[in-house]
Amino acid sequence: MLFIVCFYNLNVNIVMFIREFKKQTRHVRKSKMGKEHAYKRETTMCVFRCDSCDREFERTRGSMDPKRLSNSYFHVCKNCDSKKFAQKKGVEQKQKWNMTASSSTPISKL
Ligand SMILES: [Zn+2]
């Protein structure tokens, strides 16, 4: 069983990095004795607007490079091809991806 409680933090309302909120998930685990234990886990979620399709999407904060939690970077949702998006944006935007032409950083990590 899974319960989800969301606490929205609406004071962050900027263009691409929209807001973050904490998602609390409550799980019930059954012990060997048949007793039920409830436990909670809290995850900080970040909401972005996709630079490619304009849809909002979420990511767990832990999976993000803290440097990318700013609007100096592009954020592309998983429905969009970030590689194609990067190509479309072209060379002049390359600095925003914090990459040089010789960089080996895979775009899929963004
Ligand atoms: Zn998208």
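The values are calculated or read from the model by the stated rules, or taken from the named source; none is laboratory data. Nothing here was measured: the structure is a model prediction, and the numbers come from that model. Ideal geometry is used to build each Cβ from the backbone, glycine not excepted, and the neighbour counts take in all protein chains shown.
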Some residue of the stretch 18-35 being acidic (Asp, Glu) and either within 16 Å of the ligand (Cβ to nearest atom) or within 15 Å of the chain's Cα centre (by Cα) (or both): yes
Leading residue by the ranking (modelled with the lowest pLDDT) among those in the stretch 48-91 that are part of a loop (DSSP other than H, G, I, E, B) and polar (S, T, N, Q): ASN71
Every residue from the stretch 65-84 that is within 12 Å of the ligand (Cβ to nearest atom) and loosely packed, with under 12 Cβ neighbours inside 10 Å: LYS78, ASN79
Subset of the stretch 45-64 (residues that are more than 8 Å from the chain's Cα centre (by Cα) and either within 16 Å of the ligand (Cβ to nearest atom) or touching a residue at least 40 places away in the same chain (Cβ under 8 Å) (or both)): ARG49, CYS50, ASP51, SER52, CYS53, ASP54, ARG55, GLU56
